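Student: What follows is a single structure, and I will ask about it in a moment.
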Amino acid sequence: MTLLRQPYDALLLLSFGGPEQPDDVIPFLDNVLRGKNVPRERMLEVAGHYQHFGGKSPINDQNRALIAALESELSAHSCRLPIYWGNRNWHPLLADTVRQMQADGVRKVLALATSAFGSYSGCRQYREDIERARAAAGPDAPEIHKLPPFHSRAGFIAAMADRVRTALQAIPEDRRAAATLLYTAHSVPLSMAQTSPYVDQLQEACRLVSQAVDRPGTLVYQSRSGPPSQPWLEPDVCAHIRELHAAGGLTDVVVAPIGFLSDHMEVVYDLDTEAAELCRELGIHLSRAATVGVHPAFVSMLREMILERADGHMAAEECRPDCCALPTRPARQ
């Protein structure tokens, strides 16, 4: 049996959340966008993306699959660690999950957020979510330690590289060598990117995957949601595909959503719907790499991280207290 020097009572999977049915969509988006400067028209546009898929996000089923895979992986290595699940924006909500852990007598928890990269929304905000949920639960709330991002861990890179190889194999052999590889990640405001290691970590992960598959790739972005006046990370994936097509010679493109762990709504709409439709219009063959999902190398890596942290071996990887700060918004004129 695996022996933990600093044993935890449970593992908490932290995620973004998503609607399960059409009536959930607007309340869910209200939660996501509360306090953010996102035009109402953009919110309704995104709501249409969810309704296009029956009002149900894939993310919750994918989190259930990840929990099942982790339970199996931990059990196979004789690690008895119950797994709880809490979301930022939809049920099961994190505050409810923390209260449930408290009622179950859980005292010390290791939290895993479904984000490989350091940014305000992908890392620091989850730490803030944890502290708010603990405060709401009261003085007897369980102690919760969040695992750090894992953008360059070998298992994540190996899983993403395998997904890229599979996508490349879908291209006819006589055209494969000339195919263009694009890595995508969620765009964020430039002001947010400047307070975090997000871009540097993305670039490092892309470089490591490209080394593994022996093919250069370009990092582009998707899913921006802010007003046009606010600068966000670019280039946008569709704009970049248009530029490549205009330059001539583009017949095949592999799109690898390295910035996402699962094929949730922004992947299936922005890539499988919008980018795929653009490529059809331009006569380009698009082969979309899967996200790491429950790839065995990725799940094994998560188990290694959990046991390393439980044994006290990850102190050097902890986030700095001031890391990924939310940028100060300019005062309204």
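Student: What is the angle, in °, between the Cα long axis of helix 296-310 and the longest principal axis of the Cα atoms in the chain? Nearest 10 is fine, range 0 to 90.
Tutor: Orientation of helix 296-310: about 30 degrees from the principal axis.
Student: What ranking of Lys108, Lys56, Lys36, Lys146 comes out by heavy-atom accessible area, probe 1.4 Å, highest first?
Tutor: From most accessible down to least: Lys36, Lys56, Lys108, Lys146.
Student: Let me spell out the model: positive unit charges on the Cβ of Lys and Arg, negative unit charges on the Cβ of Asp and Glu, origin at the Cα centre of region 229-282. What dipole size does that give, in debye rounded to 20?
Tutor: Using Cβ point charges on Lys, Arg, Asp and Glu, region 229-282 gives about 140 debye.
Student: Would you kindly derive the ³J(HN,Hα) couplings of region 67-82 from the backbone phi angles with the Karplus curve 6.51 cos²θ - 1.76 cosθ + 1.60 (θ = phi - 60°), listing them in order in whole Hz, with x for Gly and Pro?
Tutor: Using θ = phi - 60°, the values come out as 4, 4, 5, 5, 4, 5, 5, 5, 4, 5, 10, 6, 10, 8, 9, x Hz.
Student: What is the set of long-range amide H partners of Leu12 at a cut-off below 5 Å, with H atoms built 1.01 Å from backbone N?
Tutor: Tyr84, Leu110, Ala111, Leu112
Student: To continue, here is another question. If you take the beta carbon distance between Gln102 and Leu190 as r and set R0 to 41 Å, what does 1/(1 + (r/R0)^6) give as a FRET efficiency, to the nearest 0.05?
Tutor: Given R0 = 41 Å and the Cβ-Cβ separation, E is 0.55.
Student: So, for the chain, what is the accessible surface per residue at a probe of 1.4 Å, expressed in square angstrom?
Tutor: Per residue, the chain has 46 Å² of solvent-accessible surface.
Student: Place a +1 charge on the Cβ of each Lys and Arg in the chain and a -1 charge on the Cβ of each Asp and Glu, then give the dipole magnitude about the Cα centre in debye, rounded to the nearest 20.
Tutor: 580 debye
Student: Of all accessible surface on the chain at a 1.4 Å probe, what whole percent is carbon and sulfur?
Tutor: 51 percent
Student: Report the local net charge at Ala95: Lys and Arg +1, Asp and Glu -1, summed over other residues whose C-beta lies under 12 Å from its C-beta.
Tutor: After counting each charged neighbour, the total is +1.
Student: Next question, about the same structure. Using the Cβ atoms and a cut-off under 13 Å, what net charge is assigned to the surroundings of Arg224, where Lys and Arg are +1 and Asp and Glu are -1?
Tutor: Taking every other residue near Arg224 into account, the sum is -4.
Student: Given the DSSP H assignment, sum -39500 (n - 2.57) over each helix run of at least 4 residues in the chain and divide by its residue total; what's the result at 222 nm in deg cm²/dmol, nearest 500?
Tutor: -13000 deg cm²/dmol
Student: A further question on this structure: Can you list the lysines whose alpha carbon is less than 16 Å from that of Lys146, not counting same-chain residues fewer than 8 positions off?
Tutor: Once the sequence-local lysines are set aside, what remains near Lys146 is Lys108.
Student: What would the Debye formula give as log10 I(q)/I(0) at q = 0.17 Å⁻¹ for the alpha-carbon point model of region 1-115, no solvent?
Tutor: Debye curve over Cα of region 1-115, log10 I(q)/I(0) at q = 0.17 Å⁻¹: -0.87.
Student: Moving on to the next point. Beta carbons within 10 angstrom, averaged per residue: use that to sort the peptides 237-245, 251-259, highest first.
Tutor: 251-259, 237-245
Student: At a threshold of 8 angstrom on Cα-Cα distance, excluding pairs fewer than six apart, so keeping six or more, what relative contact order does region 172-318 reach in percent?
Tutor: RCO, region 172-318: 27 percent.
Student: Right, something else. Give the cross-link partners of Lys56 among the aspartates and glutamates, using a straight C-alpha distance below 15 Å as the criterion and excluding same-chain residues fewer than 8 apart.
Tutor: Filter leaves Glu20, Asp23, Asp24, Asp263, Glu266.
Student: Across region 35-48, in residue order, what do the Karplus-derived ³J(HN,Hα) couplings come to in whole Hz, using 6.51 cos²θ - 1.76 cosθ + 1.60 with θ = phi - 60° and x for Gly and Pro?
Tutor: Residue by residue, region 35-48 yields x, 9, 8, 10, x, 4, 4, 5, 4, 5, 5, 5, 4, x Hz.
Student: Between Glu308 and Asp23, how many nm apart are label points set 7 Å from Cα along the C-beta direction?
Tutor: The two pseudo-label positions are separated by 4.6 nm.
Student: Given H placed 1.01 Å from N in the peptide plane, which residues other than close sequence neighbours of Ile144 have an amide H under 5 Å from its amide H?
Tutor: Val109
Student: Once the convex hull of the alpha carbons of region 136-210 is built, what does its volume come to per residue, in cubic angstrom?
Tutor: Convex hull of Cα atoms, per residue: 159 Å³.
Student: Can I ask one more? Tally Lys/Arg at +1 and Asp/Glu at -1 over every other residue whose Cβ is under 13 Å from the Cβ of Val199; what's the total?
Tutor: In short, -2.
The values are calculated or read from the model by the stated rules, or taken from the named source; none is laboratory data. Everything numeric in this text was worked out from a predicted model, so none of it was measured. All Cβ positions, glycine included, derive from the backbone under ideal geometry; neighbour counts span all protein chains shown. Ligands, DNA and RNA are stripped out before the accessible areas are found, and what is left, the full protein with its side chains, is counted by its heavy atoms. Shrake-Rupley method; radii C 1.70, N 1.55, O 1.52, S 1.80 Å.
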